[in-house]
1. Can you say whether K109 is modelled with pLDDT of 95 or more, over 28 Å from A138 (Cα atoms) and assigned to a helix (DSSP H, G or I), as far as the supplied structure shows?
2. What tally of residues in segment 109-141 results from selecting those that are touching a residue at least 24 places away in the same chain (Cβ under 8 Å) and open to solvent by 60 Å² or more (accessible area, probe 1.4 Å)?
3. Identify all residues within segment 8-25 that are at pLDDT 90 or above and among the small types (G, A, S); write none if there are none.
4. Could you list, in sequence order, the residues of segment 61-95 that are part of a strand (DSSP E or B), in contact (Cβ under 8 Å) with a residue 40 or more places away in the chain and either at positive phi or exposed (fewer than 14 other Cβ atoms within 10 Å of the Cβ) (or both)?
5. Across segment 141-152, which residue is modelled with the lowest pLDDT among those that are within 14 Å of the chain's Cα centre (by Cα) and among the aliphatic types (A, V, I, L, M)?
6. Quickly run through segment 30-49 and pick out the residues that are without any contact (Cβ under 8 Å) to a residue 12 or more places away in the chain and under 18 Å from D69 (Cα atoms).
7. Counting only residues that are outside any loop (DSSP other than H, G, I, E, B), open to solvent by 30 Å² or more (accessible area, probe 1.4 Å) and either more than 23 Å from G47 (Cβ to Cβ) or β-branched (V, I, T) (or both), how many does segment 96-106 have?
8. Name, by its number, the condition in (1) surrounded by fewer than 18 Cβ atoms within 10 Å (Cβ to Cβ); (2) within 20 Å of L145 (Cβ to Cβ); (3) within 18 Å of the chain's Cα centre (by Cα) that does not hold for L39.
Amino acid sequence: MGVRSKAQVEEPIRCELHPESAAPPPDLILTIPIFSTRLIDALKSAGVKNMDLYKVELVHPTQGKTYTDYRAVNILGRIACADLEQSQYLPDHEPPLMKFDRLVLDEAKTMGVPMFRLAESTLTILVSEKVRQAVAAAGLRGVRLIPLDAAPRDET
């Protein structure tokens with residue numbers, strides 16, 4: 001939800017991969033979310049500082065491998081910057097769980113923050129162009145950033 005956890009997190013967080021998962025796993029697993037240290041390094045190189053990081057062990061059940069170069073990531077900060085007059089969204093959903101068919105941002109409200117959660121839809125993670133470039137240059141596996149003007153509903 002974009003806020004620091006008040007609970008003590010036991011580390012490492014141990015997660016079992018699906019038996020048919022690729023080896024090594026992708027650099028981004030969104031269920032928690034989990035980022036590889038390669039992705040975290042790319043984000044930090046682009047100025048991202050608003051992450052709480054927790055050690056993770058990804059266990060591949062059929063290959064007997066454990067990957068320790070991953071972190072569970074809590075992205076801190078929610079910014080209300082959706083231009084609701086220009087955006088298209090489903091009327092039955094309210095912040096923080098709005099669903100957008102077309103999201104238009106009021107970029108002045110982003111205050112130049114390179115990565116954050118959208119306050120109107122906290123499952124949506126937005127990144128700046130500088131972050132997009134750093135991630136693209138890092139040659140990561142399984143990471144796809146979608147421009148807002150090309151994002152279909154549920155992938156914004």
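1. Spelling it out, K109 is indeed modelled with pLDDT of 95 or more, over 28 Å from A138 (Cα atoms) and assigned to a helix (DSSP H, G or I).
2. Result for segment 109-141: 7.
3. S21
4. K65, T68
5. I146
6. L30, T31, K44
7. Residues in segment 96-106 being outside any loop (DSSP other than H, G, I, E, B), open to solvent by 30 Å² or more (accessible area, probe 1.4 Å) and either more than 23 Å from G47 (Cβ to Cβ) or β-branched (V, I, T) (or both): 3 in total.
8. Unmet condition: (1).
The values are calculated or read from the model by the stated rules, or taken from the named source; none is laboratory data. Just so you know, these numbers come straight off a predicted model, no measurement behind them. Cβ sites come from the backbone with ideal geometry, for glycine too, and all protein chains shown count toward neighbours. Side chains are part of the model used for accessible areas, which takes the heavy atoms of the whole protein and leaves out ligands, DNA and RNA. Shrake-Rupley method; radii C 1.70, N 1.55, O 1.52, S 1.80 Å.
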